[in-house]
């Protein structure tokens, strides 16, 4: 392939492999260092600050799951924290006094708050979730007012929480410190394993617009709810740990100030950060510990930080550091840990495309009206398996609308779409995708921060499910599926001649390469029907030839291929069957040779509107329409 | 009960004012300004200072409107102008602006609630219930601005044009509309409106920096329940939420008003996510 990566960075990249034991080892060493601090002379005051920082780390990791990994702003962390703290405190007073029980109870209580606010709030997301979660923080004083004073102490706060114990053994302050560090470290590993996994990839994919995830069969709502609910867990644990730290829960701890602090820490760390959370949490804890000196100036600074963070550094302190480093040393060699499984590279380069179970697509008298505008006006056609069907027509003839109706983004106003004899036009786009319909978009939808091979592998997320537990514990099943899908993705990239880009961030690649990435992703889902929306635009001549070759292979493998195309030369050389749309109706359809000579087609498109060469039906003003239609 | 309804309508008028303020920037610049309630409070504080300095009341209002407009434009320059599109950036930057303004007002005027010295008032009897005269002023202001802006948006060419611009920024830019100026003008107008309403709102709530967040959230719920983008909806939502809160406090007990509002908000989200007068917008492909 000819397209060069559009990476702005100079300097080389060295792909390395990291031994699997390295990270766990570093983790254990890190914990050990923190754990021994009180025993090498760190005083009680510093110990307390470390515990508070660790609590902040837990809160930020919970926020990041929503804010960073699912793109929604959760202002309700203080409410989840309070739910964990008060429930754990009450349980410790009245039922069992055990740190582990407290942590579990706290997590469960926070989870309930998460579900109550998340189920309605995430239906629309954006401001709605922020306000719902914000409101529940404002309700905390009233909730405590309503609950009888004997139970949770009313608005005075909860007093009389016993000194912490574990398995019946009372804990000294140092002992409690160690327990807190260990519990937090355990959660931190869980957090890391969730976000650095297929789940993390799915979350990042889901954030890239509203169309991409459903087209891969991924339900955005469920995924957001999962991240939001899981994000409540560390907040609840943090609350439980806090309850046994001060043995008193005052109301002022659980206010909006805390929500702002956690958000500020997340901005400093980077909203999708993992290890940098430690820095952000320590920074914010350092400032708040001196809040009596700073007073409202602390909040002023955090507010400015939010503004700056919202505008400038989505990547947090690590992103800023990296940008600085790139400026100082643009030519350095970067070491990048490769994600392509070694066995995939070692596999035989001759990759045989697996047989696909193509299904016959029937579009039956489909009508689609937007307000008063009729986009499709009773269009019917059939696309057979093992054949390439091209959908052509001038701008506004309804081609993209047709694709959107077929893959379920739009419901037809009348008529039906059937795949392999079964009606799919009543299903949601997510369900249609799971029936084996894959597609590409006019503007390639490539999620940020994923490598090319990972982008391609996202096609497999819904096809082969791995439980969250297997993902967190990295059980053999997780590794098996992960290796298989990455190997398959790599093999497809090799088929398309793109394997050299496999480890690169896909978003930084040239347009043509991104288009091919989308095609690779569509193929990786082993589709029965593949819909291609102007897949050749933006490709150079060599790439178009390569693309035609691949599409031949795919259709010979058995898939039904439907492409919307403006490049008539490509249609002529590739399509077996052509459907001509005009004004939302099928003008004519038939074998490519017939269509070429059809008098209406000649007159309407190839004559009047064509480019100078007579091979193109593209009008110069395409760009605008693309953006409006697919967003 | 009539007294409760009057107080519900008075507090509802405040929510409606906030919702109207949100709509002004939403329908022109396409941005929801979460710090709007903070600017209202700044207006209230300005009139407090005006009282200390012995300014005539009408001058206090004018100064409050000017200060409000300046603060809003400053916010637009700092927190909105350079915002990356998408990624919900305005959530963070306008919440950040709200935090900054809360802290700044607390630093300038202190954290204790101050009485707004426009006029002394005593409850009056109306339709069998008691109401503060300022409540009536609030209700009147909300109605005048809400209905006025509603007709401005739906009947005048400029109003319709700005609605179109908010819906599609790029298209507006291509038609030669100066989107940046439109955004500045929208923020200046909403800021002036906030400043102007500040003393009146403050007369009921007192001037205190920390109430802004509560008003901001209730105002959003009013906006949402009424239907985002509709000034008539803002009125319906504001008065509805205010009444609901006040009657729940009366019937269920003090403190239950907020619960009821929250519950109804969740219910609306689940049952009618487009709001009462809103139309369903598909944001998809």
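Taken together, the values in this text are just the output of simple stated rules run on the coordinates, not laboratory data. Note that the structure is predicted; figures quoted are calculated from it, not measured. Positions of Cβ are generated from backbone atoms using ideal geometry, with glycine treated the same way; all protein chains shown enter the neighbour counts.
Summary table
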quantity: Potential extension, residue A:500-residue A:93 segment - 0.36 nm per residue separation minus Cα distance; calculated: 140.4 nm
quantity: GNM top mover of B:117, B:133, B:84 - chain B, alpha-carbon springs below 10 Å; calculated: B:84
quantity: Within region A:15-39, backbone nitrogen closer than 11 Å to the virtual label 7 Å beyond the Cα of residue A:172 toward Cβ; calculated: A:39
quantity: Exercise: per-residue mean of other protein chain Cβ atoms within 10 Å, A:298-306; calculated: 6
quantity: Per-residue average of Cβ from other chains inside 10 Å of B:260-267; calculated: 3
quantity: Label point at residue A:252 placed 7 Å out along Cα→Cβ; residues across region B:94-134 whose backbone nitrogen lies under 17 Å; calculated: B:103, B:106-107, B:110-113
quantity: Value at 222 nm in deg cm²/dmol, rounded to 500, when DSSP H runs of n ≥ 4 in chain A each add -39,500 (n - 2.57); calculated: -16500 deg cm²/dmol
quantity: Debye intensity ratio I(q)/I(0), log10, region A:8-141, q values 0.16, 0.22 Å⁻¹ (C-alpha model); calculated: -1.00, -1.23
quantity: Gain upon complete extension [residue B:154, residue B:111; 0.36 nm per residue less C-alpha separation]; calculated: 11.3 nm
quantity: Acute angle (nearest 10 degrees) that the helix A:256-269 long axis makes with the longest principal axis of chain A, alpha-carbon atoms; calculated: 60 degrees
quantity: Viscosity 1.002 mPa s, 20 °C: Kirkwood-radius Stokes-Einstein D of the protein assembly as shown over Cα pairs, µm²/s; calculated: 71 µm²/s
quantity: Cα→Cβ-extended label distance, 7 Å offset, between residue A:289 and residue A:145, nm; calculated: 3.6 nm
quantity: Cβ crowding within 10 Å averaged over residues, with B:203-213, B:25-35 ranked highest first; calculated: B:25-35, B:203-213
quantity: Packing-based order for A:379-387, A:113-121, using average beta carbon neighbours within 10 Å, highest first; calculated: A:113-121, A:379-387
quantity: Burial ranking of peptide ranges B:8-21, A:123-136, A:571-584, B:219-232 (average Cβ count within 10 Å, highest at the top); calculated: B:8-21, B:219-232, A:123-136, A:571-584
quantity: Computed lengthening from residue B:82 to residue B:122, 0.36 nm per intervening residue step minus Cα-Cα distance; calculated: 9.6 nm
quantity: CD proxy at 222 nm, helix term only [per DSSP H run n ≥ 4: -39500 (n - 2.57); per residue of chain B; nearest 500]; calculated: -24500 deg cm²/dmol
quantity: Average beta carbon contacts from partner chains per residue of A:117-130, 10 Å cutoff; calculated: 4
quantity: Viscosity 1.306 mPa s, 10 °C: Kirkwood-radius Stokes-Einstein D of region B:14-212 over Cα pairs, µm²/s; calculated: 91 µm²/s
quantity: Two-site label geometry, residue A:49 and residue A:360: point separation in nm, points 7 Å out along Cα→Cβ; calculated: 7.6 nm
quantity: Alpha-carbon radius of gyration plus Dmax, which is the widest Cα pair, for region A:183-303 in Å; calculated: 17.0, 53
quantity: Percent of beta bridges antiparallel (DSSP, chain A, rounded to nearest 5); calculated: 55 percent
quantity: Cα→Cβ-extended label distance, 7 Å offset, between residue A:116 and residue A:347, nm; calculated: 5.0 nm
